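**Student:** Just dropping this structure here.
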Amino acid sequence: MNSMPWWQSTIIYQIYPRSFQDSDGDGVGDLLGIIERLPYLVELGIETIWLSPIFPSPMADFGYDISDYVNIDPLFGTLDDLDRLIADAHAHGIKVILDLVPNHTSIEHPWFVESRSSRTNPKRDWYIWRDPAPSGGVPNNWLSEFGGSGWQLDWLTGQYYYHTFLAAQPDLNWRNPDVRAAIYDAMRFWFRRGIDGFRVDAVWYVIKDEQFRDNPINPDYKPTSPPNHALIPLYTADRPEMQEVIAEMRRVSDGFSDRLLIGELYLPIERLVAYYGRDLSGVHLPFNFTLLTASWRAEVLADLIREYNEALPPGGWPNWVLGNHDRPRIASRIGEEQVRIAAMLLLTLHGTPTVYYGDEIGLKQAQIRPDRIRDPVELNVPGYALGRDGCRTPMHWDASDHAGFSITESWLPIGKDYRERNVARQRSDANSLFQFYRTLIALRRGSQVLIRGALHSIRAEGDILTFLREHEQERIAVALNLSAEPATVSRMLDESDTCILLSSFSERRAEILAHSIELGPNEGIILGRRK
Ligand code: GLC
Ligand code: MG
């Protein structure tokens with residue numbers, strides 16, 4: 001068997017550290033909390049964890065505003081705690097990925113404090129400073145992703161600095177070689193400490209137009225869309241020079257053995273795949289977020305899976321994501337009846353799957369009372385359903401007060417249904433979603449055809465999505481009923497010795513099928529050779 005890099009066969013689990021497990025009773029999750037829960041991740045079958053930022057930060061954007069790239073915020077613990085987490089995770093066979101935020105720092109980062117102190121400061125050029133327009137006001141029309149202009153006037157020196165996100169997150173100037181070197185040093189610092197890779201935040205934003213040209217007006221803009229959609233981000237995102245940046249980052253990671261780079265990218269498929277880089281010299285996995293927004297219909301999904309498959313560059317390894325800390329929870333988006341179908345899709349497609357914490361027990365998007373809203377996006381740009389608190393609420397571990405997450409009130413409220421929906425309860429119920437995830441993950445981990453097999457014959461038959469996976473002599477067929485009506489599809493495998501390897505209704509396991517396949521409402525099945 002050809003050996004493949006670990007990150008092609010792995011299953012990634014995203015932890016939002018503030019909300020996974022609190023160990024010191026301050027209502028915020030932390031590193032020791034994650035260490036405590038490693039056995040849970042082993043039980044689930046997870047092989048890689050990715051932690052959202054844990055570095056020192058004033059938390060204007062909950063850690064995505066970093067004030068020191070090479071330390072740990074006391075809220076989460078210490079460098080020693082992280083060393084222990086890496087060692088313990090590795091001892092459990094789990095890889096550890098950290099978040100790298102190269103596009104911007106916190107306004108409190110010493111680099112920015114220096115940079116803003118005078119026009120002649122040696123770090124002035126580490127950020128993007130511009131004079132006001134000749135007629136006064138902002139230098140050009142660039143908008144912030146998080147509301148309003150992207151330019152913030154700094155009174156002291158009379159210039160504006162640019163921020164893709166919050167004004168408290170000034171953008172670094174990636175055209176300055178010293179900035180690049182400083183971020184690459186931070187990468188090496190963590191690689192030396194033993195981490196297995198980075199998820200690179202907002203990587204399609206790092207380089208902006210050198211001439212600072214105005215972004216064009218978006219002719220399709222509707223007043224009901226968020227204000228930043230009024231312009232097309234032609235000159236502020238996905239610039240051609242990004243190729244250089246991702247290739248350099250890749251060279252840094254290739255200086256260590258077996259490390260992984262994942263890029264965060266909200267781009268159409270044909271642009272997304274550019275981040276594999278020329279001759280695969282970019283990130284190993286440009287995050288594929290197409291399932292986060294796709295409407296949940298067989299035909300739509302079949303089209304996008306096919307389109308993604310065809311767009312991949314030769315040798316480019318695919319990946320799939322169902323949820324993250326920026327988008328509504330899958331259970332609320334597609335409905336509770338479909339969560340097993342979503343899990344089956346994620347874990348039977350070709351490519352590295354990423355599971356968002358809590359989706360394995362069906363956590364729902366929480367409704368947050370106005371006085372408990374914490375997300376700066378919801379506070380800055382209210383009314384567009386952009387708020388991210390609802391997908392960041394604490395993990396439900398058990399039915400005790402504070403859901404086993406903490407011994408005190410948590411930073412965001414616990415989901416209302418935690419007494420019924422929690423890990424303890426689902427662990428002791430053989431038919432629970434948690435047990436279903438475990439079985440599915442075990443099936444994938446034990447199956448070369450699910451890990452490596454080519455993906456083809458992707459079809460929509462009415463509300464049923466079907467596809468085949470094939471590796472050497474082995475074939476697996478997947479049929480997913482996306483509707484609440486029973487339905488029939490024609491037989492997908494010819495072999496006489498095939499049976500149901502797994503159904504979302506457990507009682508059908510091992511059933512042998514005749515000429516057609518009957519699916520119950522919301523049922524998914526995986527067919528393969530009888531063992
Ligand atoms: C990424 C993160 C998001 C953050 C933003 C700014 O999109 O996923 O949570 O707010 O970058 O750093
Ligand atoms: Mg804590």
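**Student:** State which residue is nearest to the chain's Cα centre (by Cα) when the search covers only the stretch 478-531 and only residues that are closer than 23 Å to ALA430 by Cα and of a type in the set (Asp, Glu).
**Tutor:** The residue in question is GLU523.
**Student:** How many residues are part of a loop (DSSP other than H, G, I, E, B), within 16 Å of ligand 2 (Cβ to nearest atom) and within 25 Å of ARG444 (Cα to Cα) if we restrict to the stretch 26-49?
**Tutor:** Going through the stretch 26-49 one residue at a time, the tally reaches 1.
**Student:** Which residues, taken from the stretch 409-443, are part of a loop (DSSP other than H, G, I, E, B), surrounded by fewer than 18 Cβ atoms within 10 Å (Cβ to Cβ) and either not assigned by TED's automatic domain parsing to the domain that holds ASP26 or not hydrophobic (A, V, I, L, M, F, W, C) (or both)?
**Tutor:** Passing the criteria: GLU409, PRO413, LYS416, ASP417, ARG419, GLU420, SER428, ASP429, ASN431.
Here's the yes/no breakdown for (1) more than 16 Å from ligand 2 (Cβ to nearest atom); (2) of a type outside the set (A, V, I, L, M); (3) in contact with a Lys or Arg (Cβ under 7 Å, 6 or more places away or on another chain):
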position	(1), (2), (3)
TYR276	yes, yes, no
LEU285	yes, no, no
THR290	yes, yes, no
ASP303	yes, yes, no
GLU307	yes, yes, no
LEU312	yes, no, no
LEU322	yes, no, no
SER332	yes, yes, yes
GLU337	yes, yes, no
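**Student:** OK, next. Among the numbered criteria (1) touching a Ser or Thr at 6+ places or on another chain (Cβ under 7 Å); (2) over 23 Å from PHE287 (Cα atoms); (3) crowded, with 17+ Cβ neighbours inside 10 Å, which one does GLU47 miss?
**Tutor:** It fails just one condition, (2).
**Student:** Also, quick follow-up: Only residues in the stretch 7-26 that are closer than 24 Å to PRO286 by Cβ and free of Cβ contacts under 8 Å to residues at least 12 places away in the same chain count as the first member; pair them with residues that are away from ligand 2 (no atom under 16 Å from the Cβ) and assigned to a strand (DSSP E or B), Cβ under 7 angstrom, at least 6 apart or cross-chain, and list the lot.
**Tutor:** none
**Student:** Another question about this same structure. Can you tell me which residues in the stretch 55-91 are within 16 Å of ligand 1 (Cβ to nearest atom) and hydroxyl-bearing (Ser, Thr, Tyr)?
**Tutor:** SER57, TYR64, SER67, TYR69
**Student:** Looking for whichever is surrounded by fewer than 17 Cβ atoms within 10 Å (Cβ to Cβ) and touching a strand residue (DSSP E or B) at 6+ places or on another chain (Cβ under 8 Å) here; the options are ALA230, ALA181. Which one fits?
**Tutor:** After applying the criteria, what remains is ALA230.
**Student:** May I pose another question? Kindly evaluate ILE72 against the criterion of being part of a loop (DSSP other than H, G, I, E, B), more than 11 Å from ligand 2 (Cβ to nearest atom) and surrounded by 23 or more Cβ atoms within 10 Å (Cβ to Cβ).
**Tutor:** When the stated conditions are applied, ILE72 does not pass them.
**Student:** Follow-up. Any residue at all in the stretch 80-91 that's within 16 Å of ligand 2 (Cβ to nearest atom), touching a Phe, Trp or Tyr at 6+ places or on another chain (Cβ under 6 Å) and modelled with pLDDT of 95 or more?
**Tutor:** Within the stretch 80-91, none of the residues are within 16 Å of ligand 2 (Cβ to nearest atom), touching a Phe, Trp or Tyr at 6+ places or on another chain (Cβ under 6 Å) and modelled with pLDDT of 95 or more.
**Student:** Hey, does the stretch 2-14 have a residue that's hydrophobic (A, V, I, L, M, F, W, C) and either modelled with pLDDT under 95 or farther than 23 Å from VAL449 by Cβ (or both)?
**Tutor:** no
**Student:** OK, next. From (1) closer than 27 Å to LEU234 by Cβ; (2) in a helix (DSSP H, G or I), pick out the condition that doesn't hold for PRO313.
**Tutor:** (2)
**Student:** Then there is this: Any chance you could count how many residues in the stretch 146-158 are touching a residue at least 24 places away in the same chain (Cβ under 8 Å) and either in contact with a Ser or Thr (Cβ under 6 Å, 6 or more places away or on another chain) or buried (at least 20 other Cβ atoms within 10 Å of the Cβ) (or both)?
**Tutor:** 3
**Student:** If LEU100 satisfies every condition in (1) modelled with pLDDT under 95; (2) within 16 Å of ligand 1 (Cβ to nearest atom) but one, which is the exception?
**Tutor:** LEU100 satisfies all of (1) modelled with pLDDT under 95; (2) within 16 Å of ligand 1 (Cβ to nearest atom) except (1).
**Student:** With the condition kept exactly as written, say whether any residue in the stretch 357-379 is of a type outside the set (Asp, Glu), within 16 Å of ligand 2 (Cβ to nearest atom) and surrounded by fewer than 21 Cβ atoms within 10 Å (Cβ to Cβ).
**Tutor:** yes
**Student:** Next question, about the same structure. Please verify whether the stretch 260-270 includes one or more residues that are of a type in the set (D, E, K, R), touching a strand residue (DSSP E or B) at 6+ places or on another chain (Cβ under 6 Å) and assigned to a helix (DSSP H, G or I).
**Tutor:** Within the stretch 260-270 (the criterion being of a type in the set (D, E, K, R), touching a strand residue (DSSP E or B) at 6+ places or on another chain (Cβ under 6 Å) and assigned to a helix (DSSP H, G or I)), the answer is no, since none of the residues qualifies.
**Student:** Please go through the stretch 276-292 and give me each residue that is part of a helix (DSSP H, G or I) and among the polar types (S, T, N, Q), ordered by number.
**Tutor:** THR290
**Student:** Going by what's in this entry, would SER23 be described as farther than 19 Å from HIS396 by Cβ and assigned to a loop (DSSP other than H, G, I, E, B)?
**Tutor:** no
**Student:** On to the next question. For the stretch 1-37, how many residues meet the condition of being among the aliphatic types (A, V, I, L, M), under 20 Å from the mean Cα position of the chain (by Cα) and either away from ligand 1 (no atom under 16 Å from the Cβ) or surrounded by fewer than 21 Cβ atoms within 10 Å (Cβ to Cβ) (or both)?
**Tutor:** Residues meeting the conditions: 3.
**Student:** What do you reckon, is GLU472 of a type in the set (Asp, Glu), exposed (fewer than 12 other Cβ atoms within 10 Å of the Cβ) and at pLDDT 85 or above?
**Tutor:** Yes; evaluated as a whole, the condition is true for this residue.
**Student:** Same structure again: What number of residues in the stretch 364-388 are part of a helix (DSSP H, G or I) and touching a residue at least 40 places away in the same chain (Cβ under 8 Å)?
**Tutor:** Within the stretch 364-388, residues that are part of a helix (DSSP H, G or I) and touching a residue at least 40 places away in the same chain (Cβ under 8 Å) number 4.
**Student:** Tally the residues that are within 9 Å of ligand 2 (Cβ to nearest atom) and more than 16 Å from PHE55 (Cα to Cα), restricting the search to the stretch 4-25.
**Tutor:** The number of residues fulfilling the criteria is 5.
**Student:** Sticking with this one: Just need a number here: residues in the stretch 495-525 that are on the phi > 0 side of the Ramachandran plot and at pLDDT 75 or above.
**Tutor:** So the count comes out to 1.
The values are calculated or read from the model by the stated rules, or taken from the named source; none is laboratory data. Nothing here was measured: the structure is a model prediction, and the numbers come from that model. Ideal geometry is used to build each Cβ from the backbone, glycine not excepted, and the neighbour counts take in all protein chains shown.
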